[in-house]
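The values are calculated or read from the model by the stated rules, or taken from the named source; none is laboratory data. Values in this document were obtained by computation on a predicted structure and should not be read as measured data. Glycine gets a Cβ as well: all are built from the backbone with ideal geometry, and neighbour counts include every protein chain shown.
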Amino acid sequence: MSDDDKLAAMQPATQAGHLGRDPAAFLGAVNTPVFRASTILFETVAELEAAARHEHPGITYGLHGLPTVRDLQSAWARLEGGHAALAVPSGLTATTLPLLALLSRGDHVLVTDSVYGPTRRFCDTHLVRYGIEVSYYDPLAGTAIERVFRPDTRVVFTESPGSLTFEVQDIPAIAAVAHAHGAFVVLDNTWATPLHFRAFDHGVDVSVHAATKYIGGHSDVLLGLIVANAATHPKLHRLWTDMGVTPSPDDCFLALRGLRTLATRLAQQQQSGFAVARWLAARPEVAEVLHPGLPGARP
Ligand SMILES: Cc1ncc(COP(=O)(O)O)c(C=O)c1O
């Protein structure tokens, strides 16, 4: 059985313990070490040119993805079922870069009203400045989102569960409508993570994450991840390269380490979150508890 077949046979939580490793490349070390470099030297011009054409295992400059960055990217893309991933210095870079890459002057974008506040501020301040029209829709719209579509709508930005009201969006329904209108679906999947929602199985084109949160897990790393399908990856990769927004290999190392314990921490977090939510729901002074998993909660 090849390593790839072995991985494919594993549950996602087990995969998270194994993805993004290449011991043979690092003296047998189980995990990819922190690999720091800027300039890359080549013995010959021919080797440099082969690397630039991706025919050589190396890269031509540190910004283009050192092994620690690359291994985190490949692990995350595989876990979520996307084509390829890009690591960026923050979750906010992850939410905003796809909007810049996929939208142009004269386009319209539909953004969920439950979107993370700073993503909304970016849309209202910068997208608008570049001549892109932004409107917000009810996160619970489902197929009814069709009513607010326009001929120039190019992207639907979703976030599920949403900040901080935790509406769970009907992503397959929204994706079906968006694709029928030729628009891409971007999902901020920070709250669910690929362990609870494999975005690409449900019609998402680009899934973004604040790795700062559950993946880092210890409040000591700022990092974002963008996973793209084959249709959107070239545009995103072009902008990522041209803006030079590659994160530090130290942060990617911490995120890879966080990935090993992600499933265990999420399970505990869910148990603790439910205990607090149930306690709050039983308090007479509490009017409503916004927890998508409680009976009677909004969808
Ligand atoms: C849903 C969501 N998206 C994006 C971000 C942005 O992440 P960062 O703080 O790494 O910029 C956050 C951070 O709180 C978040 O909760």
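Conditions (1) touching a residue at least 24 places away in the same chain (Cβ under 8 Å); (2) out of contact with any Asp or Glu (no Cβ under 7 Å at 6 or more places or on another chain); (3) surrounded by 14 or more Cβ atoms within 10 Å (Cβ to Cβ), marked per residue:
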site	(1), (2), (3)
218	yes, yes, no
225	yes, yes, yes
231	yes, no, no
241	yes, yes, yes
247	yes, yes, yes
251	yes, yes, yes
255	yes, yes, yes
276	no, yes, no
286	no, yes, no
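At least 1 residues that are crowded, with 23+ Cβ neighbours inside 10 Å and of a type in the set (Gly, Ala, Ser) in each: list the strands (runs of 3 or more DSSP E) lying fully within segment 78-180 that qualify.
Working: elements: 84-88, 108-112, 133-137, 153-159.
By residue number, 84-88.
Looking at 157, 166, 122, just one residue is within 16 Å of the ligand (Cβ to nearest atom) and touching a Cys at 6+ places or on another chain (Cβ under 9 Å), and that residue is 157. For segment 47-59, the condition of being at pLDDT 95 or above and in a helix (DSSP H, G or I) holds for none of the residues. Using beta carbons and a limit of 7 Å, which pairs, at least six apart or on different chains, have the first residue in segment 181-210 and in a loop (DSSP other than H, G, I, E, B) and the second one of a type in the set (Val, Ile, Thr) and within 14 Å of the ligand (Cβ to nearest atom)? Pairs that qualify, where the first residue is in a loop (DSSP other than H, G, I, E, B) and the partner is of a type in the set (Val, Ile, Thr) and within 14 Å of the ligand (Cβ to nearest atom), are 189/208; 205/186.
Just checking, does segment 88-110 include any residue being farther than 26 Å from residue 167 by Cα and within 12 Å of the ligand (Cβ to nearest atom)?
Yes: one or more hits.
Residues of segment 172-225 that are acidic (Asp, Glu) and closer than 19 Å to residue 101 by Cα: 188, 205.
Hey, any hits in segment 51-63 for a residue that's small (Gly, Ala, Ser) and in contact with a strand residue (DSSP E or B) (Cβ under 6 Å, 6 or more places away or on another chain)? Checking segment 51-63: not a single residue is small (Gly, Ala, Ser) and in contact with a strand residue (DSSP E or B) (Cβ under 6 Å, 6 or more places away or on another chain).
Residues that are among the acidic types (Asp, Glu) and either within 16 Å of the ligand (Cβ to nearest atom) or touching a residue at least 40 places away in the same chain (Cβ under 8 Å) (or both) within segment 139-154 comprise just one, 152.
For every residue, the table says whether it meets (1) free of Cβ contacts under 8 Å to residues at least 60 places away in the same chain; (2) under 22 Å from residue 210 (Cβ atoms); (3) touching a Ser or Thr at 6+ places or on another chain (Cβ under 9 Å).
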| residue | (1), (2), (3) |
| --- | --- |
| 2 | yes, no, no |
| 6 | yes, no, no |
| 48 | yes, no, yes |
| 71 | no, yes, yes |
| 91 | no, yes, yes |
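Of the residues making up segment 37-48, one or more are out of contact with any Gly (no Cβ under 8 Å at 6 or more places or on another chain), surrounded by fewer than 13 Cβ atoms within 10 Å (Cβ to Cβ), of a type in the set (D, E, K, R) and on the phi < 0 side of the Ramachandran plot. Kindly list, by first and then second residue, each pair from a residue in segment 108-128 that is touching a residue at least 60 places away in the same chain (Cβ under 8 Å) to a residue that is assigned to a loop (DSSP other than H, G, I, E, B) and crowded, with 21+ Cβ neighbours inside 10 Å, limited to pairs with Cβ atoms under 7 Å and residues at least 6 apart or on different chains. Taking only residues 6 or more apart or on different chains, the pairs are 115/162.
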